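The values are calculated or read from the model by the stated rules, or taken from the named source; none is laboratory data. All values reported here derive from a predicted model rather than from experimental measurement. So basically every Cβ, Gly included, is an ideal-geometry build from the backbone, and we count neighbours across all protein chains shown. Surface areas here come from the heavy atoms of the whole protein model, side chains and all, with no ligands, DNA or RNA. Shrake-Rupley method; radii C 1.70, N 1.55, O 1.52, S 1.80 Å.
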Amino acid sequence: MVYQDDNYPTATSISQKSTVALLIKPTPSDSSKISRGILDINSHLGFLGRNLLQGLPVRYTSQDASQPWLLFWSLQSLSLLKVELDDGNKRRAAETILAMQNPATGGFGGGPGQASHLLPTYAAICTLAIVSSPSAIDRRLLYKFFRSLKEPDGSFRVSSNGEVDVRGVYCLLAAAKLTGIITEELVEGTRKWLASCQTFEGGFASAAMNITDEIAAPLGEAHGGYTFCALAAWVLLEMEFPSSSENRPKLNLRSLRRWLVNMQGGEDELFGFRGRTNKLIDGCYSWWVGGCFELLDMLEGIGGDKETIWNPEGLKEYILYAAQHQAGGLRDKPPKSADMYHTLYCLAGLSAAQYVSQPWSHSSATSSDSESSSGQSATSASLNATNPLFNLTRTHAEAMVEFFNKGEGSKVDFR
C-alpha cells in the first residue's frame, strides 16, 4: 500500500511523513551490525537476559495481569534465537506458570490468584510447551473452563462474563489443540461464527453481531491481529475437523489475500506491515500479518514451488534496519524503545520471512525445525522456524501435541 500525499495535512498524514523520514535506510558502516542489516543476536540476548534475570523495568508493573505473556514473550524469543534454558530455569518457569492455574475454574489467570482468562491461558500453555512441562496441566478442569465460556452462536467469552472476540476463540483453540482436548462438541458452530467476522475489506474484525438467526455482521474494521487469530483458528478447525459439506461456511480467500498484501508498505517504509488501512507500519505486524501467509499455504496445501504474493525479503529489511534497537531488543519503529512484546513478534516475523519457501502440509504443521532455508538472506542470521498455528518452534509444538495424543498424557481422560 503506497502512501499518496494529497496535500491535505491531517494528524495521520503528518505522522506518516515523519515515520517515512525516520525509515531512510542507513548507510552501512563497520561499527554497527544494524546499519549493515545484520541481526545483532548478542545484543538481543543481553536484552532478554537482563529482563529475565534482573527483573523488568518499572513500566511493566502495568502488565501485572499479563504475567504469563511476559514469560512467553521472553522464552519464545530465546527459542527463536536457538537458546534453550537449563533444567533449573525450566523448572522455575513451570512452577511460576502452574501457580496461575485456578484450582476452582481450571483456566489460567494473569497472575497467581487472578481470574481465569483465555488469553493468559494460551500464553501459559505455550510457555509450558517451551519448558517441556505439560504433565502438570489439569486438563479436566481446563476443558470444563473452556466449555463454560461457550456461547450459543459458537463463539467464546474470554472470561466469565467477559467480552467475545476472535482473540479468545484463537487462544482457546490453540490451547485445546496443544493439550489434546479439542472436540467437535466444544467447537460446534465456531466455524460459522468466525466466517461472519470477515469484513468487506477481506480481513477480520474483532467479533460479529447477530442481525437475525441466520445473519451476523462483523463489528468494526479489519485488523491485523484479529485477522491472524481468526485465520489461525480457522486452519486449526480445518485440520482437526475437515469440511466435508458444500454447505459448510467458507472464507473469501481472494479478498483476504488482497487485504493482507495491501497491508505491506512500500520501499519508503522499508516494506514493513501495518495492521489497518491508512495506519502507520508497526514491527509487531511482521507476525500478525506476515505470519498469515504461511497459514494460507497450510489451508491450501501449497508446495514450495508456489508464487510468493508478498515481499519477505522486504520484510527482513524492515526488521533488520528499523525494528532492531541499538541497546538490544526489537521495537515498533524508530524512535521507540524496545519491549518484550515487539521483540517476540518481530523475531517471529523474521522467522516467517526466512522460511517462506518451505512447503507446508497438514502433516508438517508440527514437524521438526529446519536448519536451513533457501528463503534466508546472507545478512539475517538463521532463526528457528516457528509453527504458524501457535507461534512455538516446531519441535516444541510437536512435543506437546505428541505427549497428549500418543504419549503419557493421552492415557488420562480429560472429561
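So if I place +1 on the C-beta of Lys and Arg and -1 on the C-beta of Asp and Glu, and nothing else carries charge, what would the dipole magnitude of the stretch 261-305 be about its Cα centre? I want it in debye, nearest 20.
Working: 3 positive and 8 negative charges, 64 e Å.
About 300 debye.
Hey, what's the stretch 7-153 come to in accessible area per residue, 1.4 Å probe, Å²? List each step's numbers first, then the result.
On the way: 7210 Å² over 147 residues.
Heavy-atom accessible area per residue stands at 49 Å².
Quick one: net charge around THR105, please, counting Lys, Arg +1 and Asp, Glu -1 for every other residue with C-beta under 13 Å from its C-beta.
Working: positive: ARG140, LYS144, ARG147, ARG157; negative: ASP138.
My count for the surroundings of THR105 gives +3.
Calculate the FRET efficiency for ARG36 and SER62 from the Cβ-Cβ distance with a Förster distance of 45 Å, rounded to the nearest 0.05.
Details: r = 36 Å, r/R0 = 0.79.
Efficiency for this residue pair is about 0.80.
What is the distance in Å between the Cα centres of the stretch 287-343 and the stretch 184-260?
Going from one Cα centre to the other spans 23 Å.
Give me the distance in nm between label points sitting 7 Å out from Cα along the Cα-to-Cβ direction at SER160 and ILE24, one decimal.
5.8
Over the Cα atoms, compute the radius of gyration (one decimal) and Dmax (the largest Cα-Cα distance, rounded to a whole number) for the chain, in Å.
20.7, 67
Given the options SER243, SER18, LEU71, identify the residue whose Cα lies farthest towards the positive end of the charge dipole of the chain (+1 on Cβ of Lys, Arg; -1 on Cβ of Asp, Glu).
About the Cα centre, the residue reaching furthest to the positive side is LEU71.
Give a quick list of GluC sites (Glu not before Pro) in the stretch 240-341 that DSSP marks as loop, anything other than H, G, I, E or B, with at most 12 other Cβ atoms within 10 Å. Don't skip to the end; give the middle numbers.
On the way: sites: GLU240, GLU246, GLU267, GLU269, GLU294, GLU300, GLU307, GLU313, GLU317; in loops: GLU246, GLU307.
Passing both the DSSP loop test and the Cβ count: GLU246, GLU307.
Given +1 on the Cβ of Lys and Arg, -1 on the Cβ of Asp and Glu, and no further charges, what dipole in debye does the chain carry about its Cα centre, rounded to the nearest 20? It would help to have the intermediate numbers written out before the result.
Working: 37 positive and 43 negative charges, 132 e Å.
Using Cβ point charges on Lys, Arg, Asp and Glu, the chain gives about 640 debye.
With a/c under 1.5 counting as rounded, go ahead and sort the stretch 178-239 into rounded, prolate or oblate using the C-alpha gyration tensor (a ≥ b ≥ c being the square roots of the eigenvalues; past the cut-off, prolate if a/b is larger than b/c, else oblate).
Since a/c reaches 1.5 but b/c is at least a/b, the shape of the stretch 178-239 is classed as oblate.
Rounded if a/c is under 1.5, else prolate if a/b is larger than b/c, else oblate: which is the stretch 124-271, with a ≥ b ≥ c the root eigenvalues of its Cα gyration tensor? Intermediate results must be reported in sequence, preceding the final value.
Values: a/c = 1.84, a/b = 1.30, b/c = 1.42.
It comes out oblate by the Cα gyration axes.
Could you give the length gained on full extension between SER15 and LEU45, defined as 0.36 nm per residue of separation minus the Cα-Cα distance, in nm?
On the way: separation 30, 0.36 × 30 = 10.80 nm, distance 3.16 nm.
Gain on stretching SER15 to LEU45: 7.6 nm.
In whole percent, how big is the carbon plus sulfur part of the accessible area of the chain, probe 1.4 Å, protein atoms only?
Working: 8940 of 17550 Å².
Here carbon and sulfur together make up 51 percent of the probe-accessible area.
Please work out whether the stretch 5-136 counts as rounded, prolate or oblate from its C-alpha gyration tensor, where a ≥ b ≥ c are the square roots of the eigenvalues and a/c under 1.5 means rounded, while otherwise a/b larger than b/c means prolate and anything else oblate?
The shape class here is oblate.
Place +1 on the Cβ of every Lys and Arg and -1 on the Cβ of every Asp and Glu in the chain, take the dipole about the Cα centre, and give the residue among PRO218, TYR122, ASN278 whose Cα lies farthest towards its positive end.
Going by the Cα projections, it comes out as TYR122.
Treating only the Cβ atoms of Lys and Arg (+1) and Asp and Glu (-1) as charged, compute the dipole magnitude of the stretch 20-131 about its Cα centre; round to the nearest 20 debye. Walk me through the numbers on the way to the answer.
On the way: 9 positive and 7 negative charges, 52 e Å.
That gives the stretch 20-131 a dipole magnitude of about 240 debye.
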